[in-house]
Amino acid sequence: MKPIDLKPESFQAYPPEARKLATDYLAALQTLPLSFLPSLLREVIDYDYKFPAERKALEGELANMRSLSAVNTPGLPQNAGHREWLGGFEQITLSPHLENLDWLNQPALYVEQLSSHLWTTHQQDAFRAAAMDYATRLRAAVPPEAPATPRLGIAVIGQGVDAYEGHLFRKLRPHGVYFNRIQPENGLPQLLAAVAARAKAHPAPYAHWYIDGGQPAEHDSAITCVSYGGLEAARNALLGKIGADTKQPGMGPEALRTHMAQLLPADLGRKSTDETLDRFQIRLLTEGSGTQIFSTSFTQWAAREALRRAQPLTMLVRFAPRQRQKPMSELLSAASAQTPVELDPLGSLVDGDMGAYYNWLNQQRLPGADRSSFLVWFEGHNTAVAIAPSLSTGTGSTTAGDLSQLLKWMA
Amino acid sequence: MITKYSQSALNRAAALGSNPREVVQRLAWNRREFLRDAAGLVLGGALLSSGVASLAAATPKKRKIVVITFGGGARDQETIAPEGQEYIPHLMSELIPQSSFFTQVVNRGILGHYVATASLATGFYETVNNFASLPPEHPTAFEYFRKQLNRPSSDAWVVAPSNGFNRIGESSHPAYGQGTGATVVLPKHLLAAALASGSSDYEHLLRDNYETPFQVPELKGGGEFQLAQLDQLLKLSVDDFKAHARTLSSPDELSVYIVRQLMQKVAPSLLWITMHDIDIAHAGTYSLYVDGIKRTDRLCAEVWKMIQSEPEYAGNTTMFVLPDFGRDADEDAGGNGFQHHRTGGPLSRTTWMLAMGAGVREGVVYDRPVDATDLVPTLGAMMNFSTPHSQGKPIAELL
């Protein structure tokens, strides 16, 4: 099938809202090159389970695509604007194998195989250039919506570490103020209370998050919470499936990845009350790397994906100690889940320090970056870095105060 | 400035809004900083015309070459850039000052470890499946070397991590191929074969592939073949091997132990060592990634010391050290920083190389781009074999 052959009934296998969305924009989809369209359909097919921010972004992109193709007649040469946007993708040469894949109903599988094809045929760089050009144009044509209030990101690192001689916050200090007289008592509850207050002041679905690398602390029900500890049963179920899959004849890395990507919450024993959030959480485990076995990797990836997809106004991320490194085969064994876990708090502190930097980078990619704030705190200790428009950069402060006060200084 | 997410487009392919110009500028900045910080080094461009031929003089013993891939993908900012130099103290203080150092080695091929290492070994950007047990399609340096110089199989060796690397010693090229390449030794397979039954004392040495849970492919002859390698080629008893392995802490340390045995007992002229501990980065744990870099740094210095202390090698050996490629940039929204090497961005494609020892000028930095495929033609020029199927060209500064 070619894109031009798409018809309303082509989307029968799509979930209801996705089907309607695709049908509404059918004329635009028909004009897209096959090197591009399946990656868009990969988003469309998940529309029913997307967060509000990504739904809005997808709708904006499709509307833009429709305006570009409005004067095109399928099968005839495209207008200049369309060519300008997608010309790079038109230049990508595909293989008959790719063209014959079921890109309509399995767009994710297609995109995975397209990636392999691009590398093998040395077209990766050309595709990357086309994609970046497209993204730049899209940002200009469909400017992202400013947040309802300036964003606040918080990272808490170093749980379980009594003392650390190394140089913390090295990458974040140049962007804010280093505080070394923070009163740590009652720190986490103060931070969670601040998140709850923001959730109350700016109520919106999936706008205020708390991600914990262990078991979550008590928190307000208005906050969206994801935790490594809370997904223990799902993680063990997944490791069991990986173990079984790797013993299957003919199963290879690509097939395993495809199988994992198709897993739904119910396949891992989740009884869903919030399908959007549950799918998000399961994807952290099935699409993330290391998220199944290392809590620090899970926490960083969860924050990255939540920022990218849900674009929250507030996010508190608490890194917890991960297990020590063991042979990968053992880490991935479901049986190992039954043995006592030996933790690596110091290594986890280093992981969390880098993870906090990535959280800040990812927050700064969102609209309103010039007004957003970020706080990283060494849990249980008196050091933190605060980044905010109201604060100077690359400086230190010996002012004493607790974390509630520090958040006020950042406001 | 941080690159913005491209909203829903971000999750698509490479619609992943990094600004390549910014990354390139950052790379250039890093390299200039490196030049400034590596005190005592001279910029190489000014020296090019000054009689390099004299350097190649007088190596009375047969020339030997050792290549170490500083494996598993390492970025500038955790190695040669100012903020990364603390992780490579041995390279910074011992090896680089004695080397000709190339600050820009560009890999234009597929950024998977097996296929990229195969490309380094053939001088051609290979396209074999990174996760399949397949030989490179173009002749390897080992095949050129052995065929043209009529060398025995014992004169070219590869010491490699297990994943798929068992086929890297010789190509599927019709003019070369089976029996004409390097002997490949996979230390983890040796150890697995030496262990009569599973022992938890050694599990840390049997760590393998960090990108997939799949274990290594079956090898010809199974355990018997591995044990024969131990006994007949390395002249090493199973008990001695097991006893020493117990003192080591990582797979790459096991590889370097095998390298020592090879140097002492076989003394190959062309020895290729692929490190892999660094690739734990795929698990997303930054601390384990930099631990891997520190270990690899130490092991490179150990290999150089071995070269100096072995009579067969001292004075007539040239050593190369280079990462197979880098990893994704923190600023590239399409990746996840150090964790992977999937974006194909400039930082993941651009890395460095040092060459030191016989015939190589000391303490010189070359800040011009060279290509990853230039390594094989350079080895050929140094050892007097031609590399007609390679895409690269010899690095003039080393000849």
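Every read-out reported here was derived from the displayed coordinates using simple, explicitly stated rules and does not represent laboratory data. Treat the numbers as computed from the prediction; the structure is a model and nothing was measured. Cβ sites come from the backbone with ideal geometry, for glycine too, and all protein chains shown count toward neighbours.
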Exercise. How many nm separate the modelled label positions at A:Q262 and A:T23, each set 7 Å beyond the Cα in the direction of the Cβ?
Worked result: 2.7
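Share of antiparallel DSSP beta bridges in the protein assembly as shown, in percent to the nearest 5?
So the antiparallel bridges amount to about 25 percent of the total.
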For this session: Taking amide H positions as placed in the peptide plane 1.01 Å from N, state which residues far from A:D402 in sequence (5 or more) or on other chains have amide H under 5 Å from it.
Result: A:Q183
Exercise. Label-point separation (nm) for A:K2 and B:R298, each offset 7 Å from Cα along Cα-to-Cβ?
Worked result: 6.2
Exercise. Out of the DSSP beta bridges found with both residues in segment A:152-410, what percent are antiparallel (nearest 5)?
Worked result: 25
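Considering only lysines 8 or more places apart in sequence, or on different chains, count the pairs in segment A:152-410 whose C-alpha atoms sit under 29 Å apart.
8
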Seminar exercise, completed: The local net charge around A:A196, scoring Lys/Arg +1 and Asp/Glu -1 for residues other than A:A196 whose Cβ lies under 13 Å from its Cβ, equals 0
Problem set entry | Inter-chain Cβ neighbour average for residues A:120-133, partner chain, 10 Å | 5
Exercise. What FRET efficiency would be calculated for the residue pair A:E99, B:R108, taking the C-beta separation as r and a Förster radius of 41 Å, to the nearest 0.05?
Worked result: 0.95
Problem set entry | Efficiency of FRET from Cβ geometry, A:M251 and A:S221, R₀ 56 Å, rounded to 0.05 | 0.85
For this session: Please give the FRET efficiency for B:R246 paired with A:Q183, using the beta carbon to beta carbon distance and R0 = 30 Å, rounded to the nearest 0.05.
Result: 0.05
Exercise. Which lysines does B:K242 reach when only Cα atoms under 17 Å apart count, and residues fewer than 8 places away in its own chain are ignored?
Worked result: B:K188
Exercise. In terms of Cα to Cα distance under 22 Å, which lysines are near enough to A:K7, apart from those fewer than 8 places away along the same chain?
Worked result: A:K20
For this session: Along Cα→Cβ, 7 Å out, is where each label goes; now give me the distance between the ones at A:N64 and A:S116 in nm to one decimal.
Result: 3.1
Exercise. Taking a quarter of the surface of the Cα convex hull of segment A:72-219, what do you get in nm²?
Worked result: 16.0
For this session: Quick one: net charge around A:A266, please, counting Lys, Arg +1 and Asp, Glu -1 for every other residue with C-beta under 15 Å from its C-beta.
Result: +1
Seminar exercise, completed: Helix A:232-246: inclination vs chain A longest Cα principal axis, degrees, rounded to 10, gives 50
Problem set entry | Overall form of segment A:3-141 per C-alpha gyration tensor (a/c, 1.5; a/b vs b/c) | rounded
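Note the per residue figure in Å³ for the convex hull of the C-alpha positions in chain A. Don't skip to the end; give the middle numbers.
Values: hull volume 65.7 nm³, N = 411.
Taking only Cα atoms, chain A has a hull volume of 160 Å³ per residue.
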Exercise. Stokes-Einstein at 25 °C, 0.890 mPa s, Kirkwood radius from Cα pairs: D for the protein assembly as shown in µm² s⁻¹?
Worked result: 88
Exercise. Which angle between 0 and 90 degrees, to the nearest 10, do you get for helix A:80-90 versus the longest principal axis of chain A when only C-alpha atoms count?
Worked result: 80
